[in-house]
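*Asks:* Provided herewith is a single structure, encoded as structure tokens, for subsequent inquiry.
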Amino acid sequence: MRVTVQFELTTLLPVPRERAFDASLDIDLHTRSMAASREQAVAGVTSGLIGPGESVTWRARHFGVLMRLTSRITAYDRPARFVDEQTSGPFARFRHEHLFFPEGESTRMVDRIEFTARSECSAAWSSACC
């Protein structure tokens, strides 16, 4: 049995939309923000900004499991929206849509994430996540 999970996260950022958009594509910033899981970019674009059609492979430990996930930027509309999707990795499917809405001098960032666990992982990850 496959389990699909969808969720949305909204964050108000005290920066202009263009800056928030670019920061969300910054491999080095992402690596620093994920230091607790020792997430590292190990192939593809491994530093600087990732762009349309480009991919990155991440290696990290989540839920006690070492994972490798390669994702590609499949949609790109600066500074409003981009999408990254898994091309190989632990999920049957993983899609992350990033939306950026100006709010005065700030930006409302909306992350829409949808993933489907592979059947062999569903039970273990459901236990770890719940």
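The values are calculated or read from the model by the stated rules, or taken from the named source; none is laboratory data. This structure is a prediction, so every number in the text was calculated from the model and none was measured. Here the Cβ is made from the backbone with ideal geometry for all residues, glycine too, and neighbour counts use every protein chain on show. In case anyone asks, the SASA skips ligands and DNA or RNA and just uses the protein heavy atoms, side chains included. Shrake-Rupley method; radii C 1.70, N 1.55, O 1.52, S 1.80 Å.
*Asks:* For the chain, evaluate the Debye formula with one uniform point scatterer on each Cα (no solvent term) and list log10 I(q)/I(0) at q = 0.11, 0.21 Å⁻¹, rounded to two decimals.
*Replies:* -0.41, -1.35
*Asks:* Further question: When the dipole is taken about the Cα centre of the chain, and only Lys, Arg (+1) and Asp, Glu (-1) are charged at their Cβ, what size is it in debye, to the nearest 20?
*Replies:* Values: 16 positive and 16 negative charges, 91 e Å.
For this selection, approximately 440 debye.
*Asks:* Taking the Cβ-Cβ separation of R32 and M1 as r and a Förster radius of 35 Å, what is the calculated FRET efficiency to the nearest 0.05?
*Replies:* For R32 and M1, the calculated efficiency is 0.40.
*Asks:* Ignoring ligands, DNA and RNA, what percent of the 1.4 Å accessible area of the chain is carbon and sulfur?
*Replies:* Roughly 52 percent, rounded to a whole number.
*Asks:* Using the Karplus curve 6.51 cos²θ - 1.76 cosθ + 1.60 with θ = phi - 60°, work out ³J(HN,Hα) for each residue of the range 49-60 in order, rounded to whole Hz, and write x for Gly and Pro.
*Replies:* 8, 8, x, x, x, 8, 10, 9, 10, 9, 10, 7
*Asks:* What whole number of Å gives the distance from the Cα centroid of the range 77-121 to the Cα centroid of the range 12-49?
*Replies:* What the calculation gives is 13 Å, centre to centre.
*Asks:* Enter the accessible area of D84 (Å², nearest 10), with the probe set to 1.4 Å and all protein chains included.
*Replies:* Surface open to solvent at D84 totals about 20 Å².
*Asks:* I want the local charge near R72. Using Cβ-Cβ distances under 12 Å, sum +1 for each Lys or Arg and -1 for each Asp or Glu among the other residues. Before the final figure, lay out the partial values.
*Replies:* Values: positive: R95; negative: E54, D84, E85.
Cβ neighbours under 12 Å give a net charge of -2.
*Asks:* Anyone know which of T107, T57, T11 comes out most mobile in the 10 Å Cα GNM of the chain?
*Replies:* T11
*Asks:* Hey, what's the chain come to in accessible area per residue, 1.4 Å probe, Å²?
*Replies:* The answer is 58 Å² per residue.
*Asks:* Under a GNM of the chain (C-alpha, springs under 10 Å), which listed residue has the highest mean-square fluctuation: R59, R32, R112?
*Replies:* R32
*Asks:* Top mean-square fluctuation among H30, H96, H62, Gaussian network model of the chain, C-alpha springs under 10 Å?
*Replies:* H62
*Asks:* Turning to a different aspect of this structure: Ranked from the most accessible area to the least, with a 1.4 Å probe and all protein chains present, what is the order of S71, S33, S24?
*Replies:* The ranking, largest first, comes out as S33, S24, S71.
*Asks:* Sticking with this one: Let me know the shape class of the range 1-42, please: from the alpha-carbon gyration tensor, a ≥ b ≥ c as square roots of the eigenvalues, rounded when a/c is under 1.5, otherwise prolate if a/b is greater than b/c, or oblate.
*Replies:* Details: a/c = 2.46, a/b = 1.24, b/c = 1.97.
Cα axes put the range 1-42 in the oblate bin.
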